[in-house]
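Data first, discussion second: the structure below is written as structure tokens.
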Amino acid sequence: MNCEIAHERIVTAAYGELADEQAHELERHMAVCVECGREREQLLVLKMLADAYPVVEPDANLIARSRQRLEEALDALPQRRWYERLAQGMRNNFANMQAAPVAACLLLAVGMAAGALGGMRLAEKRAERPVATAQTTPAAPEPRTAAVHNAAPAEIASISSIVRQPNSQMVEVRYNQTVPQRIQGSMDDPAIRQLLMLASENATSTGVRDNSVGLLAAECRNGHSCKATGIRDALMVALRYDKNAGVREKALQGLEPYVAEDMRVRDAVLEALLNDGAPQIRTHAINLLEPVEADTSVRQVLYTVANSDRNPHIRTVSRQVLNHVPEIQ
């Protein structure tokens, strides 16, 4: 068994879905592979943290926005040429007709090829018509200032820019509905906060995500209202899933005031320590966990990292924190 197969089976085994024979083979592999043993230990710790909380159903607005982004991504894919689509259709049809007599297959294939060719040409002619129409369509109106209070999150397509006025609490957020929109207001304005949280999920612009997460994190560090079901949730999502290390670092900084009081924030920081690919973020996570190193979950994760992490600096910092907890020396 190689390590790639072992990693797949480790996940299945953690949830009790691996056959006995495969489980025995996995155990024999991990007896000689330190890397896979470390992988399983980290997964079990993460599973223990995840099992401590019930599964929360995703918000309806999040599902709607995700579907919209999926549709936009599918529309952006380049269309295949007619002969490529024809060849693919013929391959699919031949695969479905393997059990039919040879003569019937040939006749049916010829008929389907002729029909598909005619259909492709007709579709291409129809596709040319909207192009001419689109060229005569009037240009979209200039962006205008509007209030966002009556705009539901599902109606907002995306956030296009965020600008904070120097030496001021005023922030201008431009967002898109059917036409570009913009709004100005204080960071205390619920509408501004709503747009910033939406901007933190903008998959198309790292700059927009970086600006929004930075502003939200600053609000939390300054002691302003960062309720668990609002800004705090947006920062945890950014810390867990954002692909940009700078955005994740800002999210971690914003969560710092809540590590001791909010168990969900603590678990998000623990996940960053175990899984984040940026060493500076993992080191920062250890420093944030130091005031709560007496927590059982924190001690377990720190102990695992101190003994088996690949990064020697991470192991050293974890051991330094563990030195304050004599009972697990």
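Odds and ends about this structure:
- Estimated inter-spin distance, V292 and H7, nm [label 7 Å along Cα→Cβ]: 3.0
- Separation of the R164 and E71 label points, Cα + 7 Å toward Cβ, nm: 3.5
- Projecting the Cα atoms of A203, T283, Y258 onto the charge dipole of the stretch 158-295 (Cβ charges, centred on the Cα centre) puts A203 farthest toward the positive pole.
- Ranking of L62, L77, L196, L70 by neighbouring Cβ atoms within 10 Å, starting from the fewest: L77, L70, L62, L196.
- For V259, neighbours were defined as the other residues whose beta-carbon sits under 12 Å from its Cβ, and their charges (Lys and Arg +1, Asp and Glu -1) total -4.
- The order of the peptides 297-304, 233-240, 27-34, 188-195 by mean Cβ neighbours within 10 Å, most packed first, is 233-240, 297-304, 188-195, 27-34.
- Projected area averaged over orientations for the stretch 3-51, convex hull of C-alpha atoms, nm²: 3.1
- The stretch between A218 and S186, if pulled fully straight at 0.36 nm per residue, gains 10.2 nm over its current Cα-Cα span.
Every number in this text was worked out from the coordinates using simple rules, so none of it is lab data. Treat the numbers as computed from the prediction; the structure is a model and nothing was measured. With ideal geometry, Cβ positions are generated from the backbone for all residues, glycine too; neighbour counts draw on all protein chains shown.
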